[in-house]
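Enquirer: This structure is in C-alpha cells; I'll ask about it shortly.
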Amino acid sequence: MAEAHQASSLLSSLSSDGAEVELSSPVWQEIYLCALRSWKRHLWRVWNDFLAGVVPATPLSWLFLFSTIQLACLLQLDPSLGLMEKIKELLPDWGGQHHQLQGLLSAAVFASCLWGALIFTLHVALRLLLSHHGWLLEPHGAMSSPTKTWLALVRIFSGRHPRLFSFQRALPRQPVPSAQETVRKYLESVRPVLGDDAFDRATALANEFLRLHAPRLQLYLQLKSWCTSNYVSDWWEEFVYLRSRGSLINSTYYMMDFLYVTPTPLQAARAGNAVHTLLLYRHLLNRQEISPTLLMGMRPLCSAQYERMFNTTRIPGVEKDYLRHLQDSRHVAVFHRGRFFRVGTHSPNGLLSPRALEQQFQDILDDPSPACPLEEHLAALTAAPRSMWAQVRESVKTHAATALEAVEGAAFFVSLDSEPAGLTREDPAASLDAYAHALLAGRGHDRWFDKSFTLIVFSNGKLGLSVEHSWADCPVSGHLWEFTLATECFQLGYATDGHCKGHPDPTLPQPQRLQWDLPEQIQPSISLALRGAKTLSGNIDCHVFPFSHFGKSFIKCCHVSSDSFIQLVLQLAHFRDRGQFCLTYESAMTRLFLEGRTETVRSCTREACQFVRAMDNKETDQKCLALFRVAVDKHQALLKAAMSGQGIDRHLFALYIMSRLLHMQSPFLTQVQSQQWLLSTSQVPVQQTHLIDVHNYPDYVSSGGGFGPAHDHGYGISYIFMGENAITFHISSKKSSTETDSHRLGQHIENALLDVASLFRVGQHFKRQFRGENSDYRYNFLSCKTVDPNTPTSSTNL
C-alpha cells in the first residue's frame, strides 16, 4: 500500500533536529504517555458507547435482570443467597415506612453488580476465544471439529446482533514476537536479494544485535505492550505518517467509480446522491448500526479505524502533524474552479435530501464569479512539505480563520472537477490512466489533502475518492466506498431525467462562498507549493488495465489462494521487467487484534525465486507447477503469520523506535529501516458490504484503486478481483526513472498471468485460445455506458 513509501522514509523523518529533541525524552516517560493516550481512547469509547446505549450492554438487559430478581422476591425466593440482606444493612436506616424502598435499592445494587459481573465474564470468555488462531492455519475450505466448536462458542458469546464496536473490549492485544524468531525470518527474507558477502554482513550484524541489544529492547517493548492497547500502532501512526515531512501526495491513495456504468451524467445530481449517502453512512456509524467486519465470516476485526473517518483533518506541524477530530460537523467544504464554498448538509428537520443537496451543488456550478486573488491555488499548500505548510498556515489562520475553519471543520471535502473522467470507447487505455492520475494527484491545487478524504465528482458524473492515509487503511475506506456506490445507485436512484429523486426546495439558502483575505506575503509560498505539487503530480505514471480472460473463479478451480496466485505472477512479471529480484512489500492486516493496522508480507521468497527461474529457463510445466505450489504454500504461511501477529517488519520497527528512545545505536536495526521497497503491492478488498449482487449486476463493480510507488525507481501495484472473471490492476511508477515503465510492466503482468494459468491447462493451446488475434484484448469486453434512468433502482435489486 502507500504506507510502503512512508515506511521507506522513516530514517529521514527522524533525522531532523526537532525529531531528535522529541526522542530525547526518557523511555519511561514515553511508555507512560503511550499508556495514558491508550487509556484516554478507551475511556472515550466507553463514554461514547454509553451515550449510544450499547455498552456494556443494553439497558433492557439490566432491566430484565432487575425485574427477574423482583419477581423472585415476590415469590419469596432469594436469588442473591442473602447478599441483598447484607446490602440492606449497609444502607441508611430510614425508618419502617421506607422498608420497601430499601428492598428496591438493595435489589438494584445486586442486579447492577450481577449484571456487571456477567458482562465482564462474557468479555473475558470472548477474549479467550478470540485469542485462538488455530482456525487460520487450517486449509481453505476445510473446517475441523474443534474449529466448528470454537466458532459456535464465538457466536454464542457474541450475542444475537453485535454492533460495530461490540467486540472492541474483547479483542486480544497484538503479541510481541520473539526477537530471535523475527531476526531469523528477516535473514530468510533478504537471502534471495542479497549476494553472499552482503548476506554474511547482515548475518553478523543480526547476531551482534541479538547478543547486545535485543534483550533490553525486547523487555521495554513487552512493558509497553502491557500498558497500551497495541504495542506498535500508535508509533506507526506517529513516526511513519505524522512525522513524515514530505508531500501527502506520496502517501495518498484513491478509489474509482464503477468501471462500466455511470448512473447519471449530471454532475450536481451525482454529487447530491453521493454526499447524502456518505452522511447516511456517518449516521449509521455514530449509532454503531454498521455490522462488524468478520474475517472469512467467522472472526471479528477491530473497528477502531472507523472512529476518525469523518470530521477529521490532519493539521500540519513543524516537527509532526496531529489529527484533529470533531464529534460532529453539519457542512461540507466544496471546491470548484478555484473557489471554496461551505454547503450546509442539515436543516432543522435533519439531513437534507439528495435533491436539496443537488440544488446546492448546481448553484455552485452555475456561479460565474471568479476566484479571488491567492484563492485559486491555495490548496496546493496542503500538498507542500509539511513544515512549510505549517508555517504558512499560521498566517492563513490569522487572516482567514473563518474560511480555514470551514474547510478543516467540514465533514469531508468535495471537489467538483471541470473535466470529464472515466473509461471511454475512443481510447480506453489512455482514459483509464488519466482517470487514475486525476484521482491520485489532481492538478496539485484542487484537493485539500489534509482532509480524511475528498469526494471527487467529475463533469460527466464520474466519482472518485482520494484518501489521506494516516487515519486508516484501505479496507476501512473501501467499506465506506462500497456502501456509497451501492446505496446512491440502487437505493436512492435517479429520476427519469437523471436528477436526484424528489423536488427542489425554493426556501433553501444559497451555498456560502468562503472569503480568503490573505496577505500578499504568502504568494511566493503558494507559487512554490504549486510548482512542487505539479512536479510531483507530473512525475507519476499511472497505468490501469482490466484483465478479463479469467479471474477468481478460474484460480479457485486451480485450488490455490487467489492472492498468492497474483503475488507469484507479479514476481514473474517484475523479474522479466527488471531482470532481478527485489524486496517486495505486500500489505496484510492485523485487525484481528485491538487497534491493529497492517503488517508486511515479504512476498519475494526463496521459493518464489525458484519458481520464477524455472519459468525463465523454460522448464517443464510439471516442474514449474510443482515449484509454483511450493511457493504458494510459503506465501500463505507468511500471510497467516503476519495476520496472527508473527510478522517481521512491525516488530523490527518498534524495536528501532525503542532503540532511539534509549539512545542505543544498533547498526542492524538501522540497516533494516534503510531498506528500499522497489515493489509495493496490495490487494483492494471487495464485497465487504454485500450490497451489490455482482452475479445479476456484473457491471456494477468498482474497479478498485491505487497508490504511488514507494521508491523513485520502483513500482506501486494494487489489484482487485472484479466479480469472478476479471482482475483490474493499478500500476504506478515515476516518469523520471529510466528503470521503470508502468505500461511495460503491465504487459509483462498480462503475459505472466497467461503463462502461469497455462500450467493448469494444456500449455500452448490455452495461450492461443485466450490470447486471441487482437493484441488489445483487455478492452474487447467493455460496455461503457450511462445507465438508463428508467432502470429499476429500488432496494429489491440489491
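The values are calculated or read from the model by the stated rules, or taken from the named source; none is laboratory data. Quick caveat: nothing in here was measured; it's all calculated off a predicted structure. A quick note on method: Cβ atoms are made from the backbone with ideal geometry, for glycine too, and the neighbour counts reach across all protein chains shown. With ligands, DNA and RNA removed, areas are computed over all heavy atoms of the protein, side chains included. Shrake-Rupley method; radii C 1.70, N 1.55, O 1.52, S 1.80 Å.
Enquirer: Of the residues in the range 353-412, how many are of a type in the set (Gly, Ala, Ser), touching a residue at least 40 places away in the same chain (Cβ under 8 Å), within 30 Å of residue 265 (Cβ to Cβ) and assigned to a loop (DSSP other than H, G, I, E, B)?
Expert: So the answer is 4.
Enquirer: Also, quick follow-up: Under 6 Å between Cβ atoms, which residue pairs at least 6 apart in sequence (or on different chains) link something in the range 106-133 that is of a type in the set (Phe, Trp, Tyr) with a partner that is part of a helix (DSSP H, G or I) and open to solvent by 40 Å² or more (accessible area, probe 1.4 Å)?
Expert: Final answer for the pair search is 110/83; 115/62.
Enquirer: Something else: Going through 2, 52, 19 one at a time, which residue ends up being touching a strand residue (DSSP E or B) at 6+ places or on another chain (Cβ under 9 Å), modelled with pLDDT under 60, open to solvent by less than 80 Å² (accessible area, probe 1.4 Å) and under 30 Å from residue 231 (Cβ atoms)? Let's see the steps before the verdict.
Expert: Numbers: 52 fails: touching a strand residue (DSSP E or B) at 6+ places or on another chain (Cβ under 9 Å); 19 fails: touching a strand residue (DSSP E or B) at 6+ places or on another chain (Cβ under 9 Å).
On inspection, the qualifying residue turns out to be 2.
Enquirer: Follow-up question, since we're still on this one. Checking the conditions here, which among 657, 648 is within 21 Å of the chain's Cα centre (by Cα), open to solvent by less than 20 Å² (accessible area, probe 1.4 Å), more than 15 Å from residue 757 (Cα to Cα) and of a type in the set (Val, Ile, Thr)? I'd like the intermediate steps shown before the answer.
Expert: On the way: 657 fails: within 21 Å of the chain's Cα centre (by Cα).
Result of the check over 657, 648: 648.
Enquirer: Residue check: is residue 354 buried (at least 19 other Cβ atoms within 10 Å of the Cβ), closer than 30 Å to residue 547 by Cα and over 21 Å from the mean Cα position of the chain (by Cα)? Working first, answer last.
Expert: On the way: buried (at least 19 other Cβ atoms within 10 Å of the Cβ): yes; closer than 30 Å to residue 547 by Cα: no; over 21 Å from the mean Cα position of the chain (by Cα): yes.
No: the conditions fail for residue 354.
Enquirer: Could you pull out the residue among 728, 738 that is surrounded by 22 or more Cβ atoms within 10 Å (Cβ to Cβ) and either part of a helix (DSSP H, G or I) or modelled with pLDDT under 95 (or both)? Give the steps one after another, and end with the answer.
Expert: On the way: 738 fails: surrounded by 22 or more Cβ atoms within 10 Å (Cβ to Cβ).
None of the others qualify; the one that does is 728.
Enquirer: Tell me, please, whether a residue that is out of contact with any Lys or Arg (no Cβ under 9 Å at 6 or more places or on another chain), aliphatic (A, V, I, L, M), buried (at least 20 other Cβ atoms within 10 Å of the Cβ) and more than 25 Å from residue 612 (Cβ to Cβ) can be found in the range 545-568.
Expert: No.
Enquirer: Further, regarding this structure: Just checking, which of 378, 323 is more than 30 Å from residue 39 (Cβ to Cβ) and touching a helix residue (DSSP H, G or I) at 6+ places or on another chain (Cβ under 7 Å)? Steps first, answer last, please.
Expert: Values: 323 fails: more than 30 Å from residue 39 (Cβ to Cβ).
That would be 378, the only listed residue that is more than 30 Å from residue 39 (Cβ to Cβ) and touching a helix residue (DSSP H, G or I) at 6+ places or on another chain (Cβ under 7 Å).
Enquirer: Yes or no: the range 558-567 includes at least one residue that is out of contact with any helix residue (DSSP H, G or I) (no Cβ under 8 Å at 6 or more places or on another chain), under 23 Å from residue 607 (Cβ atoms) and without any contact (Cβ under 8 Å) to a residue 60 or more places away in the chain. Reasoning before the result, please.
Expert: Of the residues in the range 558-567, the ones out of contact with any helix residue (DSSP H, G or I) (no Cβ under 8 Å at 6 or more places or on another chain) are 559, 566.
Right, trim to under 23 Å from residue 607 (Cβ atoms) and you get 559, 566.
Restricting the remaining residues to those that are without any contact (Cβ under 8 Å) to a residue 60 or more places away in the chain gives 559.
Looking for residues that are out of contact with any helix residue (DSSP H, G or I) (no Cβ under 8 Å at 6 or more places or on another chain), under 23 Å from residue 607 (Cβ atoms) and without any contact (Cβ under 8 Å) to a residue 60 or more places away in the chain, one finds at least one in the range 558-567, hence yes.
Enquirer: Going by the conditions given, is residue 157 on the phi < 0 side of the Ramachandran plot and either free of Cβ contacts under 8 Å to residues at least 12 places away in the same chain or in a helix (DSSP H, G or I) (or both)?
Expert: Values: on the phi < 0 side of the Ramachandran plot: yes; either free of Cβ contacts under 8 Å to residues at least 12 places away in the same chain or in a helix (DSSP H, G or I) (or both): yes.
For residue 157, the condition - on the phi < 0 side of the Ramachandran plot and either free of Cβ contacts under 8 Å to residues at least 12 places away in the same chain or in a helix (DSSP H, G or I) (or both) - is met.
Enquirer: For residue 536, which of the numbered conditions (1) of a type in the set (A, V, I, L, M, F, W, C); (2) outside any loop (DSSP other than H, G, I, E, B); (3) in contact (Cβ under 8 Å) with a residue 60 or more places away in the chain; (4) farther than 23 Å from residue 474 by Cβ fails to hold?
Expert: (4)
Enquirer: Restricting the search to the range 458-469, which residues are of a type in the set (S, T, N, Q) and surrounded by 24 or more Cβ atoms within 10 Å (Cβ to Cβ)?
Expert: Looking only at the range 458-469, we keep the residues that are of a type in the set (S, T, N, Q), and these are 459-460, 466.
Once the filter is applied, which keeps residues that are of a type in the set (S, T, N, Q) and surrounded by 24 or more Cβ atoms within 10 Å (Cβ to Cβ), the range 458-469 yields only 466.
Enquirer: Please enumerate the residues belonging to the range 481-497 that are part of a loop (DSSP other than H, G, I, E, B) and surrounded by 19 or more Cβ atoms within 10 Å (Cβ to Cβ). Talk me through it step by step, then tell me what you get.
Expert: We begin by selecting, within the range 481-497, every residue part of a loop (DSSP other than H, G, I, E, B); these are 493, 495-497.
Correct list: 493 only.
Enquirer: Another question about this same structure. If you check 228, 277, which single one turns out to be hydroxyl-bearing (Ser, Thr, Tyr), within 28 Å of the chain's Cα centre (by Cα), modelled with pLDDT of 95 or more and buried (at least 20 other Cβ atoms within 10 Å of the Cβ)? Outline the logic, then answer.
Expert: On the way: 228 fails: modelled with pLDDT of 95 or more.
So the residue among 228, 277 that is hydroxyl-bearing (Ser, Thr, Tyr), within 28 Å of the chain's Cα centre (by Cα), modelled with pLDDT of 95 or more and buried (at least 20 other Cβ atoms within 10 Å of the Cβ) is 277.
Enquirer: Do you know which of the residues in the range 240-257 that are crowded, with 24+ Cβ neighbours inside 10 Å and over 16 Å from residue 315 (Cα atoms) is farthest from the chain's Cα centre (by Cα)?
Expert: 257
Enquirer: Follow-up. For the condition in contact with a strand residue (DSSP E or B) (Cβ under 7 Å, 6 or more places away or on another chain) and part of a helix (DSSP H, G or I), what is the one hit in 570, 625?
Expert: Values: 625 fails: in contact with a strand residue (DSSP E or B) (Cβ under 7 Å, 6 or more places away or on another chain).
None of the other options fit; the residue is 570.
Enquirer: Next question. Does at least one position in the range 518-526 carry a residue that is in a strand (DSSP E or B), more than 30 Å from residue 590 (Cβ to Cβ) and touching a residue at least 40 places away in the same chain (Cβ under 8 Å)? Explain how you work it out, then say what you get.
Expert: So the first thing to find is which residues in the range 518-526 are in a strand (DSSP E or B), and the list is none.
No, every residue in the range 518-526 fails to be in a strand (DSSP E or B), more than 30 Å from residue 590 (Cβ to Cβ) and touching a residue at least 40 places away in the same chain (Cβ under 8 Å).
Enquirer: Against the condition over 30 Å from residue 158 (Cα atoms), out of contact with any His (no Cβ under 6 Å at 6 or more places or on another chain) and surrounded by fewer than 17 Cβ atoms within 10 Å (Cβ to Cβ), how does residue 329 come out, does it pass?
Expert: On the way: over 30 Å from residue 158 (Cα atoms): yes; out of contact with any His (no Cβ under 6 Å at 6 or more places or on another chain): yes; surrounded by fewer than 17 Cβ atoms within 10 Å (Cβ to Cβ): no.
Criteria not met by residue 329.
Enquirer: Go through the range 94-103 and report how many residues are modelled with pLDDT of 70 or more and open to solvent by 70 Å² or more (accessible area, probe 1.4 Å). Let's see the steps before the verdict.
Expert: Restricting attention to the range 94-103, the residues satisfying the condition of being modelled with pLDDT of 70 or more are 100-103.
Remaining after also requiring open to solvent by 70 Å² or more (accessible area, probe 1.4 Å): 100-101.
Adding up the residues that qualify gives 2.
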